[in-house]
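Chemist: Provided herewith is a single structure, encoded as structure tokens, for subsequent inquiry.
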Amino acid sequence: EITGLDDKDTVFRTVPSDDYQGRALARTLKEKGYDKVAVAYINNDYGTGLANAFKAEFEAQGGEIAGFAAHEDGKASYRSNLAELSSGGADTLVIFDYGDGTGLTILRQALENGFFEKFVGGDGMKSDAPINELGAENLATFVASSPVGEKSDSLDIFNDAYKAAGGDPDAIFVTTSYDAAFLLALAVEKAGGDKAGVSAALREISNGEGEAILPGEWEKAKKLIAAGTAIDYKGAAGDHNFDAAGDVPGTYALFEVGADGFEVMVEMK
């Protein structure tokens, strides 16, 4: 929905669209041998968008969707929903919801009642809450997709600095949030504080042309902008070359639960 907004070129994002995530997740699961799944998704734009993209791609890849149903937020029990979803014979449940909300309730009740053997989540499910509440030992068959930074010098620089500041660089949206803030600051500087010029400036500072600016190089960027020199921000999450809709390609990975939390299992394409 965001991609198609009539926003007069004022909406940009550093995270790839959920359509891309859903389709990449479907392809990755098929490659890893998941042939028949059921899908539970929260009844909002996030859940619906991810679920429909996933379903279309999974079926296009020859996979079978044995159950596909929306659910409402905040119910005490989803056992009847889970029973219906499991009636199709799938051993895997794909959950497009939030790991610190309804998604946690669904995952817990599915485990407690043995409705499914394996579980897959979208980025909303990659939360510490399921690990803290259910225990890593009970999530050996749980995997979740999430955006990750492309391997680069920029990512290494960011990771080292963020760890030194006491942060977890693998936490969801850390690199993309940092890049969004840095890009906007650079664009405001490039536009000389004129909000009418920020959209054009965002494209100019990240179009692949100019002197490279890495995470943290604010003073360097200010001097180059003041001198009229073209710059190209190389983000922690990748090169944010915005398309006509303000979208970026980005990179996702599939995570599994290890002894120390979520660990990258495979990069999704």
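Bear in mind that the values in this text are calculations on the coordinates, not laboratory data. All values derive from a computational prediction rather than experimental measurement. Every residue, glycine as well, gets a Cβ built from its backbone with ideal geometry; the counts of neighbours run over all protein chains shown.
Chemist: Tell me, in nm to one decimal, what length is gained between E133 and K36 on full extension, where the rule is 0.36 nm per residue of separation less the Cα-Cα distance?
Modeler: Taking E133 through K36 to full extension adds about 32.1 nm, to one decimal.
Chemist: Roughly how many whole Å is it from the C-alpha centroid of region 121-150 to that of region 185-228?
Modeler: 36
Chemist: Which of G121, F142, S177 sits closest to the plus end of the dipole of region 111-231, meaning its Cα is farthest towards the positive end, when Lys and Arg get +1 and Asp and Glu get -1 on the C-beta?
Modeler: S177
Chemist: Once the mean 1/r over all distinct Cα pairs of region 188-230 is inverted, what Kirkwood radius in angstroms do you read off?
Modeler: After inverting the pairwise mean of 1/r, the radius is 10.7 Å.
Chemist: Here is a follow-up. Take the alpha-carbon positions of the chain, form their convex hull, and give its projected area averaged over all directions (one quarter of the hull surface) in nm².
Modeler: About 15.0 nm², averaged over all directions.
Chemist: Something else now. Going by amide H atoms built from the backbone, whose H comes under 5 Å of the H on G238, apart from near neighbours?
Modeler: Those lying under 5 Å, H to H, from G238 are E150.
Chemist: Let me ask something additional. Helix-only estimate, please: 222 nm mean residue ellipticity of the chain, summing -39500 (n - 2.57) across DSSP H runs of length 4 or more and dividing by its residues, to the nearest 500.
Modeler: -11500 deg cm²/dmol
Chemist: Under a plain spin-label model, where a point goes 7 Å from the Cα along Cα-to-Cβ, how far apart in nm are T3 and A161?
Modeler: If labels sit at T3 and A161, their model points lie 3.1 nm apart.
Chemist: Do the alpha carbons of any pairs in K75/K118; K151/K220; K30/K55 sit beyond 19 Å of each other, and which pairs?
Modeler: Correct reply: K75/K118; K151/K220.
Chemist: How much length would be gained if the chain were fully extended between S87 and Q61, taking 0.36 nm per residue of separation minus their Cα-Cα distance, in nm to one decimal?
Modeler: Fully extending the segment from S87 to Q61 adds 7.1 nm.
Chemist: Can you tell me how much longer the chain between A244 and S77 gets when fully stretched, taken as 0.36 nm per residue apart minus their C-alpha distance, in nm with one decimal?
Modeler: Answer, rounded to one decimal: 55.8 nm.
Chemist: What distance in nm separates the simple spin-label points at R108 and T10, each placed 7 Å from Cα in the Cβ direction?
Modeler: 4.2
Chemist: In terms of Cα to Cα distance under 25 Å, which lysines are near enough to K223, apart from those fewer than 8 places away along the same chain?
Modeler: K190, K195, K234
Chemist: What is the dipole size for the chain, taken about its Cα centre, with +1 at each Lys and Arg Cβ and -1 at each Asp and Glu Cβ, in debye to the nearest 20?
Modeler: 120
Chemist: Only sites in a loop by DSSP and with at most 13 other Cβ atoms within 10 Å count here; which trypsin sites (Lys or Arg not before Pro) in region 48-92 make the cut?
Modeler: Filter output for region 48-92: K75.
Chemist: For A230 and A69, what is the calculated FRET efficiency with R₀ set at 41 Å and r taken between the beta-carbons, to the nearest 0.05?
Modeler: After rounding, the FRET efficiency stands at 0.20.
Chemist: Something else: Let's test the formula: R0 of 51 Å, r as the Cβ-Cβ distance of E219 and A259. What FRET efficiency results, to the nearest 0.05?
Modeler: 0.80
Chemist: Are there GluC sites (Glu not before Pro) in region 174-258 that DSSP puts in a loop and that have at most 15 other Cβ atoms within 10 Å, and which ones?
Modeler: Loop-located and lightly packed - E209.
Chemist: Can I get the semi-axes of region 153-233's equivalent ellipsoid? Compute them from the C-alpha gyration tensor as square roots of 5 times the eigenvalues, in angstrom, largest first.
Modeler: Whole-Å semi-axes of the equivalent ellipsoid: 24, 13, 11.
Chemist: Let me ask you something else. Please arrange T176, T92, T229 by how many other C-beta atoms lie within 10 Å of their C-beta, fewest to most.
Modeler: So the ranking, lowest neighbour count to highest, is T229, T92, T176.
Chemist: Give the order of D45, D232, D6 when sorted by the count of other beta carbons within 10 angstrom, beginning with the fewest.
Modeler: The most exposed by this proxy come first: D6, D45, D232.
Chemist: Give the residue from A191, G210, F158 lying farthest towards the positive end of the charge dipole for region 153-233; charges sit on Cβ (+1 for Lys and Arg, -1 for Asp and Glu) and the dipole is referred to the Cα centre.
Modeler: Most positive-ward Cα: A191.
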